1. Of everything in segment 1-30 that's assigned to a loop (DSSP other than H, G, I, E, B) and acidic (Asp, Glu), which residue is nearest to LYS47 (Cα to Cα)?
2. Give all pairs with beta carbons closer than 7 Å in which a residue from segment 72-86 that is over 21 Å from PRO18 (Cβ atoms) and in the same structural domain as ASP10 (by TED's automatic domain parsing) meets a residue that is surrounded by 13 or more Cβ atoms within 10 Å (Cβ to Cβ) and among the aromatic types (Phe, Trp, Tyr); count only pairs at least 6 apart in sequence or on separate chains.
3. Could you figure out which of (1) surrounded by fewer than 24 Cβ atoms within 10 Å (Cβ to Cβ); (2) in contact (Cβ under 8 Å) with a residue 24 or more places away in the chain isn't true of VAL68?
4. Looking for something modelled with pLDDT of 95 or more, within 20 Å of the chain's Cα centre (by Cα), closer than 15 Å to ILE102 by Cβ and not hydrophobic (A, V, I, L, M, F, W, C) - is there at least one such residue anywhere in segment 68-87?
5. Which residue pairs have Cβ atoms closer than 9 Å, lie 6 or more positions apart in sequence or on different chains, and pair a first residue in segment 1-20 that is assigned by TED's automatic domain parsing to the domain that holds SER84 and on the phi > 0 side of the Ramachandran plot with a second residue that is surrounded by fewer than 19 Cβ atoms within 10 Å (Cβ to Cβ) and hydroxyl-bearing (Ser, Thr, Tyr)?
6. Go through (1) closer than 30 Å to GLY205 by Cα; (2) outside any helix (DSSP H, G or I) and name the single condition MET62 misses.
Amino acid sequence: MDDKIRIVIDAMGGDRAPRVNVEGAVQAAQIYDYQLILVGDVKKIEKFLKLCDYPKDKISVMHASQKVDMGEAAAVSVRKKKDSSISVGLQMLKEKQADVFISAGNTGAVVAASTLKLRLLQTVERPGIALVVPTLKDPIVMIDVGANIDTKPLHLYQYAVMGSAYSHYILNKSKPSVGLLNIGEEESKGTDIIKEARTFIEKSGLNFIGNIEARDIYTGKCDVVVCDGFIGNVVLKVTEGFAHASTEMLKRELNRSLLPKIGAILSLPAYRAIRKKMDYREYGGAPLLGVDGAVIISHGSSNATAIRNAIRVAGEYVKNKVNFHIVEKLKMSESM
């Protein structure tokens with residue numbers, strides 16, 4: 001019996017689809033022993049596959065006649081585009097024809113379709129996107145970064161549990177520390193929702209260190225940062241914008257005269273190492289935790305390297321039975 005992990009890739013999702021999705025799948029097929037299924041317009045996918053040398057027994061194509069565009073309303077796209085690459089891929093996951101689904105497409109559509117088709121894990125009320133973030137210490141997990149902006153205290157508590165499970169089984173943190181993102185460390189700070197969520201998390205049995213501030217995220221003060229999807233997405237976009245702006249400012253300063261240029265050349269290896277640590281493409285994708293199935297969401301501007309790494313993350317997620325451990329941790333914490 002063939003027990004290879006079966007990974008479905010939304011070939012039409014992302015700014016540079018389907019080319020980079022195909023190229024990323026080909027790169028992954030040369031490294032990992034997974035069964036990869038590219039879902040989307042067969043003619044467009046095969047056009048790029050023909051340009052690649054790859055193990056034919058590891059990559060197959062499933063046709064989907066529709067595509068969800070980045071700007072489309074999530075609910076409308078799920079309802080009207082039944083044969084989109086997102087819908088077809090998730091249906092395969094639902095029917096156990098695949099073990100995990102990856103998409104760099106419309107995030108809202110992926111979240112909505114995943115929730116509707118797969119439903120949620122036992123006791124989970126809202127899914128959350130868990131992003132691996134580089135810090136001055138080790139990489140950490142931040143959840144949620146965009147799945148749920150209408151958050152209740154119970155949702156934040158469940159994010160803490162799910163993020164802790166992911167940190168333990170994927171990032172190998174034996175007892176992940178958990179921090180609740182707030183405007184101050186004091187218990188009196190924050191909204192009523194944050195205060196109530198803090199009470200829930202304190203009683204959960206998790207390694208909770210209390211409130212943390214935004215400036216603490218990149219120092220690696222805790223292993224899991226818990227926040228609602230609105231705040232998490234703002235943090236993510238501000239970080240991306242600042243990284244781009246600071247890089248451009250540095251380039252401009254280095255080009256002002258000869259001496260800085262010489263220094264830049266000598267420092268090039270260090271710059272490259274830092275850029276690699278900060279590059280989202282190295283982390284591949286963010287799991288949608290809480291849905292009853294393995295779903296990995298990649299950045300819309302993903303290149304082939306990002307897709308390849310998303311496939312790596314997808315394989316690790318299935319191998320480590322993350323959803324099983326999330327359910328177990330929720331049961332354990334709720335019994336305390």
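1. Ranking the qualifying residues of segment 1-30, first place goes to ASP15.
2. none
3. (1)
4. yes
5. Correct list of pairs: GLY14/SER301.
6. (1)
Quick grid of which residues meet (1) over 23 Å from the mean Cα position of the chain (by Cα); (2) under 30 Å from ALA314 (Cα atoms); (3) modelled with pLDDT under 80:
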position	(1), (2), (3)
ASP223	no, yes, no
ASP228	no, yes, no
THR239	no, yes, no
HIS244	no, yes, yes
LEU258	yes, no, yes
TYR280	no, yes, yes
ILE296	no, yes, no
HIS299	no, yes, no
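The values are calculated or read from the model by the stated rules, or taken from the named source; none is laboratory data. Here the structure is a predicted model, which means the values were calculated and not measured. All Cβ positions, even for glycine, are placed from backbone atoms using ideal geometry, and neighbour counts span all protein chains on display.
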